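> This structure is in structure tokens; I'll ask about it shortly.
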Amino acid sequence: MALELEDDGYAVQAEGLVKRYGPKRALDGFGLAVRKGTVHGLLGPNGAGKTTAVRILSTLVRLDEGRATVAGLDVVRRPRDVRARIGLTGQYAAVDEVLTGRQNLEMFGRLFHLGGKRARRRAGELLERFDLVDAADKGVGDYSGGMRRRLDLAASMILAPAVLFLDEPTTGLDPRSRGEVWESVRALVADGTTVLLTTQYLEEADKLASRITVIDQGRDIADDTPDGLKSTVGGDRIEVVVAERSDIPRAVKVVARVADGEPEADEAESRVHAQVTDRVAALTEVARTLQDEGVLVEDIGLRRPSLDDVFLRLTGHRTEPSASTGKTGTGKEAAA
Ligand SMILES: Nc1ncnc2c1ncn2[C@@H]1O[C@H](COP(=O)(O)OP(=O)(O)O)[C@@H](O)[C@H]1O
Ligand SMILES: [Mg+2]
């Protein structure tokens with residue numbers, strides 16, 4: 001892929017990045033281009049090379065081959081200038097447990113040589129921006145996971161960076177905290193910051209990113225809008241397993257009412273499945289109708305295209321050898 005590295009519509013550009021650790025290539029010809037003022041998702045399984053890419057772009061790790069610019073500056077030739085224009089938050093918050101949220105932010109401000117008065121003012125602004133005013137004077141030890149990540153985001157925004165790197169900002173958070181962090185990221189971008197966000201969650205990239213680069217084994221294997229990516233794997237599916245094989249035709253009729261296309265029937269497994277748009281309405285409707293009609297159901301659920309499905313489609317292999325098929329309907333997908 002030939003990138004126009006000088007195009008100033010981009011906040012981050014990289015091509016042909018290679019990073020070796022002994023015989024292992026953490027990056028193996030990786031490239032991406034992040035448009036200014038957007039959230040760009042870098043989506044890939046554990047070990048794909050996401051953190052390595054972020055560390056190279058934020059000048060913490062030296063690349064072996066290739067070329068990258070951040071805010072128009074070459075990361076190898078001008079690391080200091082790059083660092084002055086970026087923020088970085090990792091998977092684990094770097095805030096001090098004993099201090100309050102406000103004290104943490106003031107401390108970071110002074111670390112960045114803002115001076116006491118400006119550090120205090122900036123801390124106040126950021127507490128408001130990240131909806132932490134009520135918790136500002138509580139010890140961080142009492143913060144929820146989502147509050148801590150928001151404080152971590154606030155800390156990375158002390159100097160209002162042009163480009164912010166968020167490395168798996170919601171890994172390990174419960175769904176509610178995850179939603180809070182998403183809100184904060186949206187607010188940042190509304191203010192003009194460009195965000196490169198790494199994630200293992202297709203849903204997260206989908207909700208936040210206007211464009212997604214999929215990384216696997218150190219290489220960018222796809223680059224598209226969320227809709228574009230999803231369309232390569234198809235939509236949500238409803239699946240019904242009937243107790244009596246003779247009920248399959250009735251199940252097909254019921255599922256057909258909510259399906260986008262023709263339902264498919266798997267006789268051997270007494271299974272009927274189809275793609276649906278409104279997943280919850282479809283599940284409710286099918287469950288109720290089958291019950292009303294006296295069809296005995298062994299199992300019913302929704303199957304959402306997962307990262308595994310995207311990977312299977314793109315690479316022919318799953319992200320992990322024993323990865324589950326991403327069956328949902330139990331709320332389990334939100335755990336992780
Ligand atoms: N400092 C290192 N030394 C040796 N191997 C590393 C080092 N950092 C990363 N790797 C390897 O490079 C690959 C990519 O790692 P990483 O960038 O952390 O992936 P991700 O963030 O997508 O999980 C993995 O196989 C990892 O084991
Ligand atoms: Mg990582």
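Values in this text are rule-based calculations from the coordinates and carry no lab data. This is a predicted model, so every value here is computed, not measured.
> If the elastic network links every pair of Cα atoms under 10 Å, which of 283, 43, 126 fluctuates the most in the Gaussian network model of the chain?
Residue with maximal mean-square fluctuation among 283, 43, 126: 283.
> Kindly work out what percent of the DSSP beta bridges joining two residues of the chain are antiparallel, to the nearest 5. The partial results should precede the final answer.
Numbers: 38 of 56 bridges.
So the antiparallel bridges amount to about 70 percent of the total.
> Once you've got the GNM for the chain with C-alpha springs shorter than 10 Å, pick whichever of 248, 212, 238 has the biggest mean-square fluctuation.
Maximum fluctuation in the GNM of the chain, among the listed residues, is at 248.
> For the chain, with a Gaussian network of springs between Cα atoms less than 10 Å apart, report the residue from 210, 58, 246 with the top mean-square fluctuation.
Largest GNM mean-square fluctuation: 246.
> Across the Cα atoms of segment 12-61, what radius of gyration and what greatest pairwise Cα-Cα distance (Dmax) are found, in Å?
Gyration radius and largest Cα-Cα distance of segment 12-61: 11.1, 37 Å.
> Follow-up question, since we're still on this one. Taking the 0 to 90 degree range and rounding to the nearest ten, how far is the long axis of helix 116-129 tilted relative to the main principal axis of the chain, both from C-alpha atoms?
10
> Between segment 22-93 and segment 267-283, what is the C-alpha centre distance in whole Å?
41
> Moving on to the next point. For the chain, what does -39500 (n - 2.57) per DSSP helix run (n ≥ 4), summed and divided by total residues, give at 222 nm, in deg cm²/dmol to the nearest 500? Intermediate values should be presented prior to the final figure.
Values: 11 runs with 113 residues, N = 336.
-10000 deg cm²/dmol, from helical runs alone.
> For the chain, just list the percent of Cα-Cα distances falling in each 10 Å bin from zero outward, please.
P(r) for the chain, in whole percents per bin: 6, 23, 27, 21, 14, 8, 2, 0.
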